[in-house]
Amino acid sequence: MTEIGAEISTSKKSVADYTLEIRGAWQRAAQSIIEVGQLLVSAEAELTPNEFRSLRRGLEDEGVLSQSTITKLMGIARNNVLVDPERVPLLPPSYEALYNLSRWDSGELQSAFSEGRIHPELQVKECRPPLSAAPAAVAGIARTVLFQVEATDTLKPATLKKLKEVVSSLSELQGIKVTIKTDF
């Protein structure tokens, strides 16, 4: 009986063991989300439009996926930056977060990966497309965004010049118009 007790205690998992297993399972969630999206994209390509509609309706009727979720998963799967196998371990395990990331401009998304801004702990609200990506994300919808910059102290001429340069550089973004007004 002592040997069995000793055997059981040596097979007990440690906190580190559980942490490793849980982390692995959690990271597989992002891969599974991408896989489902890729299956949907493949089905759309291979099935007739009527068959694909039937698949979508069946998934919704069975309570597996809503139409909105299907659309989002397909958008995720079509984003080549997100589905890069080397980047998948860095992704948050949330289809809403991944969908928000899929709406980013690919250059901005690649930069975010390079700078370490994309990681598994990202929350959905942190994954919304940056302002520079907004025109692509909401194609055809006009928006007005007003920024006001107020100096908390008197600016030196060199600082004011640099500020104007930085703000003016925003006009290089597609669909952005910059107007600079200075009050003294």
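The values are calculated or read from the model by the stated rules, or taken from the named source; none is laboratory data. Being a predicted model, the structure only gives us computed values, none of them experimental. So basically every Cβ, Gly included, is an ideal-geometry build from the backbone, and we count neighbours across all protein chains shown.
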**OP:** Kindly list, by first and then second residue, each pair from a residue in the stretch 118-134 that is under 22 Å from residue 172 (Cβ atoms) to a residue that is at pLDDT below 80 and part of a helix (DSSP H, G or I), limited to pairs with Cβ atoms under 8 Å and residues at least 6 apart or on different chains.
**Re:** 129/136; 129/137
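Given the criterion free of Cβ contacts under 8 Å to residues at least 60 places away in the same chain, part of a helix (DSSP H, G or I) and either within 19 Å of residue 28 (Cβ to Cβ) or not assigned by TED's automatic domain parsing to the domain that holds residue 107 (or both), identify the matching residue among 65, 73, 82, 59. Don't jump to the end; show me each part of the working.
On the way: 65 fails: part of a helix (DSSP H, G or I); 82 fails: part of a helix (DSSP H, G or I); 59 fails: either within 19 Å of residue 28 (Cβ to Cβ) or not assigned by TED's automatic domain parsing to the domain that holds residue 107 (or both).
Step by step, each of 65, 73, 82, 59 is checked, and only 73 is free of Cβ contacts under 8 Å to residues at least 60 places away in the same chain, part of a helix (DSSP H, G or I) and either within 19 Å of residue 28 (Cβ to Cβ) or not assigned by TED's automatic domain parsing to the domain that holds residue 107 (or both).
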**OP:** Looking only at the stretch 99-114, decide whether some residue is out of contact with any strand residue (DSSP E or B) (no Cβ under 8 Å at 6 or more places or on another chain), part of a helix (DSSP H, G or I), farther than 19 Å from residue 129 by Cα and among the hydroxyl-bearing types (Ser, Thr, Tyr).
**Re:** no
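Search the stretch 146-184 for residues being of a type in the set (Val, Ile, Thr) and not in a helix (DSSP H, G or I), and hand back the single one that is modelled with the highest pLDDT.
154
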